[in-house]
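Working notes, beginning with the structure itself.
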Amino acid sequence: MLLQPECNRLPSVQQQIPTDHCGFPEAPLHRGSMAVSPETSALILWASSDPESLKWNQQAELVHCRWAMLGAAGIFIPEFLTKIGILNTPSWYTAGEQEYFTDTTTLFVVELIFIGWAEGRRWADIIKPGCVNTDPIFPNNKLTGTDVGYPGGLWFDPLGWGSGSPEKVKELRTKEIKNGRLAMLAVMGAWFQHIYTGTGPIDNLFAHLADPGHATIFAAFSPK
């Protein structure tokens with residue numbers, strides 16, 4: 001009896017990854033089953049052989065994307081509206097220096113409690129999908145989502161976008177993860193802009209538009 005060569009009997013990661021018409025990996029579905037929707041980011045290089053690690057990193061990326069989109073909006077929109085005179089808010093990089101209704105220690109503890117509770121329930125849903133769909137205080141209130149990371153319901157999907165056709169839902173989830181990745185890069189870019197220029201992205205943009213020849217990315221590295 002002829003034995004199949006060892007190299008042919010090993011599972012091929014590449015064969016498990018769906019590709020588009022150009023041969024590149026398709027955008028992730030970010031659904032609960034990681035075996036059929038592997039990541040297309042750098043995680044695939046080291047986590048694809050471990051479905052549990054890949055599932056965890058997928059949910060981590062999804063949450064980071066959503067926080068980054070909120071963060072990007074919190075950076076760009078108030079700074080722009082302040083720049084044109086509609087608002088008068090502190091810049092995002094000095095917001096922590098402002099005086100609030102209580103001290104920063106109290107704010108941190110309260111935030112830790114609420115965020116810890118929410119993250120704990122999210123972690124439980126990753127471990128056992130659907131276990132947190134019922135409200136612990138009001139049992140009649142239930143979330144409509146069936147996939148991990150997409151709880152649905154009035155609070156998480158008020159417009160009902162997650163209840164459309166599977167093709168539409170896949171398209172929206174792909175757009176969300178792509179926009180989230182861009183938002184993570186945008187937040188990182190705004191952070192580095194402040195480090196090297198001392199101002200925010202909107203101030204840098206207005207300065208560049210006023211003097212395109214000198215107010216550039218290279219100006220921060222030029223000798224004074």
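Numbers below:
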{"item": "Cβ-defined net charge surrounding LEU154, 15 Å radius [Lys, Arg +1; Asp, Glu -1]", "result": "-1"}
{"item": "C-alpha center-to-center spacing [segment 194-224, segment 173-191] in angstrom", "result": "22 Å"}
{"item": "³J(HN,Hα) computed for each position of segment 112-127 - Karplus, 6.51 cos²θ - 1.76 cosθ + 1.60, integer Hz, glycine/proline x", "result": "4, 5, 5, 5, x, 5, 5, 5, x, 5, 5, 5, 4, 5, 5, 5"}
{"item": "Sorted by Cβ density within 10 Å, fewest first, the residues VAL109, VAL169", "result": "VAL109, VAL169"}
{"item": "Proximal lysines to LYS170, defined as alpha-carbon separation beneath 30 angstrom and excluding residues fewer than eight positions away on the same chain", "result": "LYS55, LYS128, LYS142, LYS178"}
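Bear in mind that the values in this text are calculations on the coordinates, not laboratory data. On a predicted model such as this, the values are computed, not experimentally measured, just so you know. Heads up, the Cβs are rebuilt from the backbone with ideal geometry, glycines too, and the neighbour counts pull from every protein chain shown.
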